[in-house]
Amino acid sequence: MHCLWCDEELIPNVVWSTFLAPVKKRVLCELCESQFERIKGATCKQCYRPMEKKGVCIDCQRWNENGASLKRNVSVYSYNDWMKEVVAKWKFRGDYVLGNVFEEKASEVFSAYYKATEVVLVPIPLSEERLAERGFNQALMIAQMLHAPIEQPLQRIRSEKQSKKSRQQRMNQANPFEQPSPFYKPVVLIDDIYTTGRTLQFAAETLQQNGCPHVEAFTLIRG
C-alpha cells in the first residue's frame with residue numbers, strides 16, 4: 001500500500017494488539033495525514049464556524065431572521081491551504097480514489113451527531129453538465145461513507161460554478177433546486193464544503209416546502 005497523496009509506502013506498525021483486533025486500513029502516511037486541520041474548540045452551534053466562544057454567529061442570526069430552513073450544519077475539517085490542494089485534485093481534477101482519505105474521520109464525526117437509523121441522507125445534486133465534467137458527485141461519495149440510507153429527491157435546474165462566485169453573487173443567486181415529489185422524512189443534507197450556506201439553505205427550503213419536517217446538514221469542510 002502507498003499513501004494516496006505522496007505515494008510513500010505505508011508500512012504497518014505491528015504490535016501485539018495488531019493480532020488481537022482488526023487493523024485499520026491506512027490510506028495516508030503520517031506526514032500527509034497531519035496536514036489536515038480538524039475543527040476543534042468553540043463553534044457556532046448552527047453552522048459550525050469556529051468562534052472564540054459558543055453561540056450563534058452573525059451570519060446565522062441573519063439566516064434566522066429570514067426564516068432559515070436549515071437547522072444545523074456539522075463539519076469535519078477547516079479549509080486550510082492543504083485542504084484546498086487536496087480538494088482541487090479530488091473534485092476538480094477528477095481523482096475519485098483520493099476521496100477515500102476522508103472516510104474514517106467523516107464517519108467518526110457523523111456517528112457522534114446522528115443515528116444512521118433515524119435520518120435519510122440527501123446529497124446535494126450536480127447538474128448533468130457538471131457531473132459529466134467531473135465524472136462523479138463528491139456529495140454522493142461522502143454520503144456513501146456514512147452508512148445511512150441515501151435518497152435523492154432534489155434535482156438541480158441550473159448549473160453555475162460556485163467556486164468562481166463572490167460571496168455577494170452566491171447570496172443573490174436564484175434557487176437552483178426543484179423537487180418533483182413530496183418527501184416526508186427528516187433529512188441530513190450532504191455536501192463537501194459549507195461556505196456561505198446559501199446552497200444548503202436553498203436545498204433545505206425546497207425540501208421543507210415539499211413536506212420534509214426537519215433539515216440539517218453534514219459537510220466535510222467548513223470554509
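Within the range 134-154, can you find the residues that are assigned to a helix (DSSP H, G or I), open to solvent by less than 80 Å² (accessible area, probe 1.4 Å) and at pLDDT 95 or above?
Hits for the range 134-154 are Gln138, Ala139, Leu140, Met141, Ile142, Ala143.
Just to be sure I understand the filter: pairs with C-beta atoms under 9 Å, separated by 6 or more residues or on different chains, first member in the range 155-178 and open to solvent by less than 80 Å² (accessible area, probe 1.4 Å) and modelled with pLDDT of 65 or more, second member part of a helix (DSSP H, G or I) and of a type in the set (Phe, Trp, Tyr). Which pairs pass?
Short answer, once both residue conditions are applied: Gln173/Phe202; Ala174/Phe202; Asn175/Phe202; Pro176/Phe202; Phe177/Phe202.
If a residue has to be touching a residue at least 60 places away in the same chain (Cβ under 8 Å) and over 12 Å from the mean Cα position of the chain (by Cα) to count, how many in the range 184-198 make the cut?
4
For the range 86-120, how many residues meet the condition of being surrounded by 15 or more Cβ atoms within 10 Å (Cβ to Cβ), part of a helix (DSSP H, G or I) and of a type in the set (Phe, Trp, Tyr)?
Total satisfying the criteria: 3.
Please go through (1) open to solvent by less than 20 Å² (accessible area, probe 1.4 Å); (2) over 14 Å from the mean Cα position of the chain (by Cα); (3) among the hydrophobic types (A, V, I, L, M, F, W, C) for Val56 and return the number of the only condition it doesn't satisfy.
(1) is the only condition that Val56 fails.
Testing Tyr79 on (1) among the aromatic types (Phe, Trp, Tyr); (2) under 25 Å from Asp7 (Cα atoms); (3) open to solvent by less than 60 Å² (accessible area, probe 1.4 Å), one condition comes back false. Which one is that?
Condition (3) is where Tyr79 drops out.
Can you tell me which residues in the range 200-223 are in a helix (DSSP H, G or I) and either among the aromatic types (Phe, Trp, Tyr) or surrounded by fewer than 23 Cβ atoms within 10 Å (Cβ to Cβ) (or both)?
Gln201, Phe202, Glu205, Thr206, Gln208, Gln209
Check off (1) crowded, with 19+ Cβ neighbours inside 10 Å; (2) modelled with pLDDT under 95 for Leu131 and give me the number that stays unchecked.
(1)
Criterion first (more than 24 Å from Thr206 (Cα to Cα) and without any contact (Cβ under 8 Å) to a residue 40 or more places away in the chain) does Arg134 satisfy it?
Criteria not met by Arg134.
Name the pairs: first residue in the range 207-223 and within 18 Å of Arg156 (Cα to Cα) and not assigned by the TED database to the domain that holds Cys47, second residue polar (S, T, N, Q) and surrounded by 21 or more Cβ atoms within 10 Å (Cβ to Cβ), Cβ to Cβ under 8 Å, at least 6 apart or on different chains?
Short answer, once both residue conditions are applied: none.
The values are calculated or read from the model by the stated rules, or taken from the named source; none is laboratory data. Source: prediction; values computed, not measured. Glycine also receives a Cβ, built like all others from the backbone with ideal geometry; neighbour counts cover every protein chain displayed. Accessible surface areas use protein heavy atoms only, side chains included; no ligands, DNA or RNA. Shrake-Rupley method; radii C 1.70, N 1.55, O 1.52, S 1.80 Å.
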